[in-house]
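Nothing in this text is a laboratory measurement; each read-out follows from the coordinates by a stated rule. Keep in mind that this is a model prediction, so the values were computed, not measured. So basically every Cβ, Gly included, is an ideal-geometry build from the backbone, and we count neighbours across all protein chains shown.
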Amino acid sequence: MSNPELSELYIARILVTLYEHWANPVVLHASSITEVSFDTELMFDGQSAPEEWSLFENTVHWLEAEGFIRTEGVAAGYPYDFQRTTLTLKAMEAMKKVPDPLSPDSTLLDGLKGAIGEGKKTAIQTLVNTSMTAIYQAVTNAV
């Protein structure tokens, strides 16, 4: 998959994970979102983390900068585990209100859950592409 496709998949997984744990802060692990295993101890020997992990890291930073999530950053020695991460209330409410562009009778949240569960790459792309703007508008208009 290309970086944009992987980013879209990671965004969907992150948003659904955080929604399902609302209002409890969670640790977002690169391995669980990317589904790529890596022994982080190898980084002390000079080995780089997988590219997917770097993309995950940048995606989390982007989601935070755009106001979709809050995180307390990474813990010392664990550069790909984001601590105490939550959805912003505005993002959560928007996910429950924004219609699923593929099934207007459902919400974006329902669509993301279904697409991830079924592994539908095209559905995930469409949902993320169509909906991020709507969520962003809801987040910024509520400020």
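Structure summary
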item	result
Sequence-distant residues sharing a close amide H with Val27 (under 5 Å, placed H)	Arg84, Thr85
Karplus-derived 3J(HN,Hα), 6.51/-1.76/1.60, for each residue of the range 54-59, Hz, glycine and proline x	5, 5, 4, 4, 5, 5
Percentage relative contact order, the range 3-88, counting C-alpha pairs under 8 Å, at least six apart	36
Counted charge near Thr85, where neighbours are those whose Cβ lies closer than 11 Å (Asp, Glu -1; Lys, Arg +1)	-1
Computed FRET value (nearest 0.05) for Lys96 with Glu20, which takes r as the C-beta separation and R₀ as 22 Å	0.95
Cβ-based net charge around His21, under 14 Å, with every Lys or Arg adding one and every Asp or Glu removing one	+3
Rough spin-label spacing in nm, given labels placed 7 Å along Cα→Cβ, for His29 and Leu89	3.1
